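Here the structure is laid out as structure tokens; the discussion comes afterwards.
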Amino acid sequence: MSNRLPHRSFARTRSELSEFLRHHRAKLTPADVGLPTTGGRRTPGLRREEVALLAGVGLTWYTWFEQGRDIQVSESFLLNVSKALRLDDAECCHLFLLAQQRPPPSQAYRPTSVSARIQQLLDDLSNRPAYVFNLRWDVVAWNAAADDLLDLGGRNPADRNLLRMIFADPDMRRRLPDWGEDAQSLVAQFRCDLTGTPDDPAIRTLIDDLKKLSPDFRRWMEQPDMTGYSRGIGTIVAQTGERLRFQHEVLTVDEHRHLRMVVYFRSEPKDG
């Protein structure tokens, strides 16, 4: 009995994988993925050869994969198939779980932005600066209030990283009257976030770059004990010259890609 149960479980997973791939292939048309529409089709959706072409993988290998054969596929293969089938984050994660019994790596399937619904939610927060960032602290989406506060739209994508803005942008540093307190609290929170993927190469590159740029960042990253933690800037001077104080709330947007939304709330100064 102990030998049969894993076999049935494996067979069931392969059957679910086949059904999952066929279902998502049938949902797409050639026009959806930028392919020309050819003659009559006996079944709806893309053909296997079209998915293989879009994914940049061999037709035979993809066919065996969709048939649920016992073959080993790489992480890049799964990511390419995910993108060819236009899978969203949850669907990509499900594909990985079916094929490799694990979720995708935290940064592997990161698109350049968020879903239309999340962007609408950001835009609806018209009076509160809000942005979405990933585990590396790259800002991937924001609203107009956050753009006014942090000039996110005017930055190059590579510089649209909260830590780079704090430690490598002299203009931003001049606008932070409590720079030392804010910067140290942000580094403390970043160190906590690192426990999720301590060896992510993109994150390690960011850390190495910032250590070279800033002795403060290097010291705080290596300092074991810290008391303050923050995912947002506490005090900033607006473009109008007004000194603004904020508190923050953090919402999980996508747990698989570690996307979080930070919402800024004005904190009025105390009298006296």
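The values are calculated or read from the model by the stated rules, or taken from the named source; none is laboratory data. Just so it is clear, the structure is predicted and the values come from calculations on it, not from any experiment. Every residue, glycine among them, receives a Cβ derived from its backbone with ideal geometry; neighbour counts consider all protein chains shown. What goes into the accessible areas is simple: the full protein's heavy atoms, side chains included, and nothing from ligands, DNA or RNA. Shrake-Rupley method; radii C 1.70, N 1.55, O 1.52, S 1.80 Å.
Which residues, taken from the range 79-89, are open to solvent by 10 Å² or more (accessible area, probe 1.4 Å), on the phi < 0 side of the Ramachandran plot and either touching a Ser or Thr at 6+ places or on another chain (Cβ under 6 Å) or not hydrophobic (A, V, I, L, M, F, W, C) (or both)?
ASN80, LYS83, ASP88, ASP89
Give the residue that is most open to solvent (accessible area, probe 1.4 Å), with candidates limited to residues of the range 149-164 that are of a type outside the set (Asp, Glu) and assigned to a loop (DSSP other than H, G, I, E, B).
Across the range 149-164, the extreme among qualifying residues is ASN156.
Out of everything in the range 56-108 that is of a type in the set (S, T, N, Q) and within 19 Å of LEU259 (Cβ to Cβ), what residue ends up being modelled with the lowest pLDDT?
First pass over the range 56-108, keeping only residues of a type in the set (S, T, N, Q): 60, 63, 67, 72, 74, 76, 80, 82, 100-101, 106-107.
Now narrow it down to the ones that are within 19 Å of LEU259 (Cβ to Cβ): 82, 106-107.
Working: SER82: 89, SER106: 59, GLN107: 53.
Step by step, filter the range 56-108, then rank; the result is GLN107.
Report, by residue number, each residue of the range 59-73 that is surrounded by fewer than 14 Cβ atoms within 10 Å (Cβ to Cβ) and either over 14 Å from GLU49 (Cβ atoms) or in contact with a strand residue (DSSP E or B) (Cβ under 8 Å, 6 or more places away or on another chain) (or both).
Scanning the range 59-73 gives ARG69, ASP70, ILE71, GLN72.
Looking at ALA146, is it closer than 27 Å to GLN239 by Cα, surrounded by 21 or more Cβ atoms within 10 Å (Cβ to Cβ) and without any contact (Cβ under 8 Å) to a residue 40 or more places away in the chain? Step through it out loud before you land on a result.
Values: closer than 27 Å to GLN239 by Cα: yes; surrounded by 21 or more Cβ atoms within 10 Å (Cβ to Cβ): yes; without any contact (Cβ under 8 Å) to a residue 40 or more places away in the chain: no.
No, not satisfied.
Which condition breaks for LYS211 when tested against (1) surrounded by fewer than 18 Cβ atoms within 10 Å (Cβ to Cβ); (2) among the basic types (Lys, Arg); (3) assigned to a loop (DSSP other than H, G, I, E, B)?
(3)
If you scan the range 233-264, which residues turn out to be under 23 Å from the mean Cα position of the chain (by Cα) and more than 25 Å from PRO105 (Cα to Cα)?
Taking the range 233-264 and keeping what is under 23 Å from the mean Cα position of the chain (by Cα), we get 233, 248-264.
Within the range 233-264, ILE233, HIS248, GLU249, VAL263, TYR264 qualify.
Restricting the first residue to the range 79-93 and requiring it to be over 8 Å from ALA55 (Cα atoms), which pairs with a second residue that is outside any helix (DSSP H, G or I) and of a type in the set (S, T, N, Q) meet a Cβ separation below 9 Å and a spacing of at least six or different chains?
Close Cβ pairs (under 9 Å, with a partner that is outside any helix (DSSP H, G or I) and of a type in the set (S, T, N, Q)) amount to ASP88/SER115; ASP89/SER115.
Quick check on the range 135-142. Is at least one of its residues within 19 Å of the chain's Cα centre (by Cα), modelled with pLDDT of 90 or more, under 16 Å from GLU249 (Cα atoms) and open to solvent by 20 Å² or more (accessible area, probe 1.4 Å)?
Scanning the range 135-142 turns up at least one residue that is within 19 Å of the chain's Cα centre (by Cα), modelled with pLDDT of 90 or more, under 16 Å from GLU249 (Cα atoms) and open to solvent by 20 Å² or more (accessible area, probe 1.4 Å).
So in the range 165-204, with the set limited to residues that are in a helix (DSSP H, G or I) and acidic (Asp, Glu), which one is surrounded by the fewest Cβ atoms within 10 Å (Cβ to Cβ)?
To start, the set of residues in the range 165-204 that are in a helix (DSSP H, G or I) comprises 165-168, 170-174, 179-193, 201-204.
Now drop any that are not acidic (Asp, Glu), which leaves 171, 181-182, 193.
Numbers: ASP171: 8, GLU181: 14, ASP182: 19, ASP193: 17.
Among those residues, the one meeting the criterion is ASP171.
Could you give me the residue pairs with C-beta distances under 9 Å whose first residue belongs to the range 156-169 and is of a type in the set (Asp, Glu), whose second residue is in a helix (DSSP H, G or I) and surrounded by fewer than 21 Cβ atoms within 10 Å (Cβ to Cβ) wherever it lies, and which are 6+ apart or on separate chains?
What qualifies is ASP159/ALA168; ASP169/ASP159.
Exactly one of (1) in a loop (DSSP other than H, G, I, E, B); (2) open to solvent by 50 Å² or more (accessible area, probe 1.4 Å) is unmet by SER76. Its number?
Just one mismatch for SER76, condition (1).
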